[in-house]
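Here the structure is laid out as structure tokens; the discussion comes afterwards.
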Amino acid sequence: MTGATVGSITLGRQAPLGLTKQRPPSRFTRLFSLEYLIMGGAIVALFVLVVLPLCFLLIGSIWGENGFTLEYFAEAFSGRLYVQALLNSLILGAWTGLFSLLLGLPLAWAVARTNIPGKPLITLTANLSYLSPPFLTAIAFVNLFGPNAGLINAFSRDVLGLPWLGFNIFSMSGLVLVTVLHTFPYVYLLASSALQSVDASYEEAAQILGASKWRTALVITTPLVMPAILSGVLLAFVNAIALFGSQAIIGLPGRIVTLPTRIYSLFDYPPQYGLASALSLLFVFITIAALYLQRAYLAKRSFVTLGGKGARPQLMDLGWVKWPLFGFCVLVFFIAIALPYMTLIAVSLSKSWGLAFWQGLTLEHYRFVLFDYDVTQRAIRNSLGLATIAATVAVFLGAIIGWIDIRTHLPGRKFLDYAALVPLGLPGIVMAVALIQFWLSMPIALYGTLAILLLAYVGRYIPLGVRAANTSLRQIDPTLEESARILGASWGHTLKEITLPLMRPGLFAGWLLVFVPVIQELSASILLFSSSSMTLAVAIYNLYETGYTEPVAALAMINMAIIVVAIALARKIAGGGIGKEPDKNLTAQGGTA
Amino acid sequence: MAGITISSLSKSYGGRHLRLTAVQDLNLSIQDNQFITLLGPSGCGKTTTLRLIAGYVTPDTGSIHVGDRLVSSPSGVVSPERRGMGMVFQNYAVWPHKTVYENIAFGLKLRKLSSTQVRDKVEAALALVNLKGLAERFPNELSGGQQQRVALARSLVVEPDILLLDEPLSNLDAKLREKMRGELKQLQRRTGITFIYVTHDQAEALALSDQIAVMHAGRLQQFGSPFDVYTTPANRVVADFMGLVNLVPGRIRAISGNTAQVEADGGLVLLASCPAEMAVGMEIDIAIRPENIRLSATPEALAGVVSERTFLGNLCEYVVVAPGGQALRVQTHPLQQFSVGQSVGIIIDPSQCSLFAREPDAVASAA
């Protein structure tokens, strides 16, 4: 036995410290190890959350009282109501996509490539627009542009005597306006990060060969960032057509019925599950097709790494042109952020919303919604609880599924990955229909409970959890885990000591990315809630439906305050420097509101 | 005690359409207490072999025994954490969220040592790798060389039987690499741990190893001491990989015993030791290392003309064109000077030549 004593440590040839030598474990014992139990649990969860409800949705759409039938699809394709809803959705999506481009691209270019002043304002505008609940913007604009009571319409009619100056928000253009304010950040975020990651050397190389600045922009820069821009437009499209809140608040009074609102109306008594399922599948088909195109575009981006670091973009000196562009940015900020929030604040403080709203400002409505309206406190508790649990579960499931996909050679892991991405193509209302179909045929009574809302939220946002986990796992070299294993750490110990701590920043960003939309989720909740499982967004919508203009605004402001406080708190807990803005990589993966 | 026996080990990757053979039919018997190097160009299967030994990869065929304990076979693999081995990775894999102390203590805590024992052993390990006083630093506050030592200390502190090292020096600059090379060798001698070291750097392999396993295209080409592998390479691939070599085409004129009389193109006749499978009349290549050729200003049996001269400091390298048109690389003492265009005599030491059967596409098909 050769050995050397170095200090008090004997580096000699004894048996390794404390590690028992064992034979290879049999397949049986391996199947019941922690590793396989956790992975198996995640797979089962994914099936219950996504795969089975979708299967039941499919079955529900082709299975009538007398067995197999295509009557629901026939009805969906021939009924005037349904074709009209489909057309309206497509028109809305197309206009929204176009205007998102017209708004998002100049802003992105200004921030990424010019010397325009006030860049933080633009970033703030995009982030706030992305975070604001779309139905709040809709409610604010109704208060301004409602045909009779809208403040601006009333002002131009009664004070200026110019009724033609008014604008009816309850129209397709009104709906497009309100929707675009929520969807243009998709184009902005994707385009600006692509523009930022084009290294100046590409452009300088073209210029030294004799190309002018504009020619360089046309033949070098544009082709490089085109995939990102187009994919941003498609994401705007997909998200626009899925927004239940604004389509119900703006569209229904204007008799513009879209797919989500039509599906919603099919649940009026007597509910038409089969038809709702068929319409939902049609809806899924559209969003999946658009997302497929988006991925195909994004796949071509190999030359521009989204969110890449280290690139040194070339800033263009705009001269005097920067001032009109800056004016445009301020205008966007005003319309997208300042106007709606100032309106909501004003409405919530006014005794009675109207031309003389500043007379008799009051906090009465806040008191009413917080203390007298018995729904509010329950709704806040439910929403906070659901969002916290849903975000945590989605992120942990995502971490396990991401780990299986990236670190194992498990057969079928690609299927798992796809299954976890499918909800990106599921508008909230479709998710709700699928869950109803599934759980109504199960022996467990979940309908109307908080549990089914939780299932809906986790199911809808699991793609964000998986993407967050994937992104951070890819940045963690597998040797960091392997070196723990060879030192004697089990799978579980390695996960706890090495993998999860290293993933923490990414997982936390993912957590926030799930938490915020869940707090304001309306599209799925609207079909799944009951009076005991009321959520904040549903409470606001119901209050609005009942016609309480001022208390709605107060509740909306409370909702925003909760979101802001929650984000601030969560950031503080996780430590700084995380999730300063919506993660561009995650946004790039899409997701429907 | 901790010898490693690898028998007919194979591993390939990929799907149905494109299968890449990483390791093919590898047989290797590694003795206890040795410094073994797996040497070869990138993609030769050396890292896969190391990962097979560590238990990260399940073999397609064959087996690995440590001592008389079966640790890997296609039907099952003892997981890495039960092998009692250590491993140092090319990128060090020092955990960025743990301090130097926590990194090194990780394996000790898993072995349920008391906190005083842990502290003592970590201190000793830090001293061993000259990192005293850096225990509370985080890895991003360390240089590459220091991180490298942390990785080393982390693997050594748990006193493994076998330490696996995957190109541990390749990310260091030349000077530090030289220094760490010396320290590694010393460490192995002092501890008696079996080191299995993967590298593509033949100089490193020669300097460090007791035995070198030269791999190419997934197959073991030669296993032997550095001296054997360098001076009597088993085949053209090994000769080519282990340093500079001139390959002069020729044919065997006569064989007596294990000595062959060889005639190179251009008329040079040599006596060289001859592998058993060769026969009179065979087309062959004669492998001659540049340092085994001497030049002289006076005429010799073989003459040539200097066509290039490169001064390299510690030696001088010439390209000499022999009468047959063969360009030979020759290394001489730097003070032995010839000028371009000069006619020189060429003296080849036949005992240092190797003969390989001629193959049209030599290097590629040697595998």
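The values are calculated or read from the model by the stated rules, or taken from the named source; none is laboratory data. The structure presented is a predicted model; accordingly, all values stated were derived computationally and were not measured. With ideal geometry, Cβ positions are generated from the backbone for all residues, glycine too; neighbour counts draw on all protein chains shown. Heavy atoms of the whole protein, side chains included, go into the accessibility calculation; ligands, DNA and RNA do not. Shrake-Rupley method; radii C 1.70, N 1.55, O 1.52, S 1.80 Å.
From (1) in contact (Cβ under 8 Å) with a residue 24 or more places away in the chain; (2) among the aromatic types (F, W, Y); (3) surrounded by fewer than 22 Cβ atoms within 10 Å (Cβ to Cβ), pick out the condition that doesn't hold for A:Y457.
A:Y457 satisfies every listed condition except (3).
Tally up the residues in the stretch A:473-498 that are open to solvent by less than 20 Å² (accessible area, probe 1.4 Å) and away from every other protein chain (no Cβ under 14 Å), please.
1
Pick out, from the stretch B:1-71, the strands (runs of 3 or more DSSP E) lying fully within it that include 3 or more residues that are out of contact with any helix residue (DSSP H, G or I) (no Cβ under 9 Å at 6 or more places or on another chain).
In the stretch B:1-71, B:4-14, B:19-30, B:61-66 are the strands (runs of 3 or more DSSP E) which contain 3 or more residues that are out of contact with any helix residue (DSSP H, G or I) (no Cβ under 9 Å at 6 or more places or on another chain).
Do we find that B:E136 is away from every other protein chain (no Cβ under 11 Å), surrounded by fewer than 22 Cβ atoms within 10 Å (Cβ to Cβ) and under 20 Å from the mean Cα position of the chain (by Cα) in this structure?
The answer is no for B:E136.
Kindly list, by first and then second residue, each pair from a residue in the stretch A:440-453 that is assigned by TED's automatic domain parsing to the domain that holds A:F529 and open to solvent by less than 50 Å² (accessible area, probe 1.4 Å) to a residue that is in a loop (DSSP other than H, G, I, E, B) and at pLDDT below 85, limited to pairs with Cβ atoms under 7 Å and residues at least 6 apart or on different chains.
What qualifies is A:I452/A:L446.
Any residue at all in the stretch A:365-381 that's touching a helix residue (DSSP H, G or I) at 6+ places or on another chain (Cβ under 7 Å), farther than 28 Å from A:Q247 by Cα, open to solvent by 30 Å² or more (accessible area, probe 1.4 Å) and not polar (S, T, N, Q)?
Looking for residues that are touching a helix residue (DSSP H, G or I) at 6+ places or on another chain (Cβ under 7 Å), farther than 28 Å from A:Q247 by Cα, open to solvent by 30 Å² or more (accessible area, probe 1.4 Å) and not polar (S, T, N, Q), one finds none in the stretch A:365-381, hence no.
Considering only the stretch A:499-519, I want to know if a residue exists there that is hydroxyl-bearing (S, T, Y), crowded, with 24+ Cβ neighbours inside 10 Å, within 11 Å of chain B (Cβ to nearest Cβ) and in a helix (DSSP H, G or I).
no
So which residues in the stretch A:382-403 are among the β-branched types (V, I, T) and crowded, with 20+ Cβ neighbours inside 10 Å?
A:V393, A:V395, A:I400, A:I401 - these are the residues of the stretch A:382-403 that are among the β-branched types (V, I, T) and crowded, with 20+ Cβ neighbours inside 10 Å.
When you check A:L410 against the structure, is it surrounded by fewer than 24 Cβ atoms within 10 Å (Cβ to Cβ), in contact with a Gly (Cβ under 7 Å, 6 or more places away or on another chain), hydrophobic (A, V, I, L, M, F, W, C) and in contact (Cβ under 8 Å) with a residue 40 or more places away in the chain, yes or no?
No: the conditions fail for A:L410.
Pick out, from the stretch B:234-335, the strands (runs of 3 or more DSSP E) lying fully within it that include 3 or more residues that are surrounded by 15 or more Cβ atoms within 10 Å (Cβ to Cβ) and of a type outside the set (K, R).
In the stretch B:234-335, the matching strands (runs of 3 or more DSSP E) lie at B:246-256, B:259-264, B:269-273, B:283-288, B:302-311, B:316-321, B:327-332.
Among the residues of the stretch A:528-545, write down those that are in a helix (DSSP H, G or I), out of contact with any Lys or Arg (no Cβ under 9 Å at 6 or more places or on another chain) and either buried (at least 21 other Cβ atoms within 10 Å of the Cβ) or of a type in the set (D, E) (or both).
Within the stretch A:528-545, A:L528, A:L536, A:A537, A:V538, A:I540, A:Y541, A:L543, A:Y544, A:E545 meet the criteria.
Within the set of pairs 6+ apart or on separate chains, which have a first residue in the stretch A:501-518 that is at negative phi, a second that is outside any helix (DSSP H, G or I) and among the small types (G, A, S), and C-beta atoms under 7 Å apart?
A:F508/A:G579; A:A509/A:G579; A:L512/A:G579; A:P517/A:A593
Where the second residue is among the aromatic types (F, W, Y) and part of a loop (DSSP other than H, G, I, E, B) and the first is crowded, with 21+ Cβ neighbours inside 10 Å and lies in the stretch A:269-287, which pairs have Cβ atoms under 7 Å and are six or more apart or on separate chains?
Qualifying pairs under 7 Å: A:A276/A:F267.
Restricting to the stretch B:84-109, name every residue that is open to solvent by less than 40 Å² (accessible area, probe 1.4 Å), at the interface with chain A (Cβ under 7 Å from one of its Cβ atoms) and either in contact with a Gly (Cβ under 7 Å, 6 or more places away or on another chain) or polar (S, T, N, Q) (or both).
Listed by number, the list holds a single entry, B:G107.
Mind listing whichever residues of the stretch B:24-39 are within 14 Å of another protein chain (Cβ to nearest Cβ) and either touching a Leu at 6+ places or on another chain (Cβ under 8 Å) or open to solvent by less than 10 Å² (accessible area, probe 1.4 Å) (or both)?
B:F35
Please go through the stretch B:160-169 and pick out each residue that is open to solvent by less than 10 Å² (accessible area, probe 1.4 Å) and at the interface with chain A (Cβ under 7 Å from one of its Cβ atoms).
Correct list: B:P160 only.
It is to be established whether one or more residues within the stretch A:201-208 are in the same structural domain as A:Y341 (by TED's automatic domain parsing), among the aromatic types (F, W, Y) and modelled with pLDDT under 85.
Yes, some residue in the stretch A:201-208 is in the same structural domain as A:Y341 (by TED's automatic domain parsing), among the aromatic types (F, W, Y) and modelled with pLDDT under 85.
Considering only the stretch A:248-261, I want to know if a residue exists there that is more than 24 Å from A:L54 (Cβ to Cβ), under 18 Å from the mean Cα position of the chain (by Cα), among the hydrophobic types (A, V, I, L, M, F, W, C) and crowded, with 21+ Cβ neighbours inside 10 Å.
Scanning the stretch A:248-261 turns up no residue that is more than 24 Å from A:L54 (Cβ to Cβ), under 18 Å from the mean Cα position of the chain (by Cα), among the hydrophobic types (A, V, I, L, M, F, W, C) and crowded, with 21+ Cβ neighbours inside 10 Å.
Which of the numbered conditions does B:S42 fail, given that it passes all the others? Conditions: (1) among the small types (G, A, S); (2) buried (at least 22 other Cβ atoms within 10 Å of the Cβ); (3) within 17 Å of B:R219 (Cβ to Cβ).
Of (1) among the small types (G, A, S); (2) buried (at least 22 other Cβ atoms within 10 Å of the Cβ); (3) within 17 Å of B:R219 (Cβ to Cβ), only one is false for B:S42: (2).
Could you tell me which residue of the stretch B:139-148 is modelled with the lowest pLDDT, considering only residues that are closer than 13 Å to B:R177 by Cβ and open to solvent by less than 20 Å² (accessible area, probe 1.4 Å)?
The qualifying residue modelled with the lowest pLDDT is B:G145.
Among residues belonging to the stretch B:187-217 that are of a type in the set (G, A, S) and away from every other protein chain (no Cβ under 14 Å), point out the one that is farthest from the chain's Cα centre (by Cα).
So, considering only residues that are of a type in the set (G, A, S) and away from every other protein chain (no Cβ under 14 Å), the one farthest from the chain's Cα centre (by Cα) is B:A217.
Yes or no: B:L156 more than 17 Å from B:G84 (Cβ to Cβ), touching a residue at least 12 places away in the same chain (Cβ under 8 Å), open to solvent by less than 50 Å² (accessible area, probe 1.4 Å) and over 12 Å from the mean Cα position of the chain (by Cα)?
So B:L156 does not fit the description; no.
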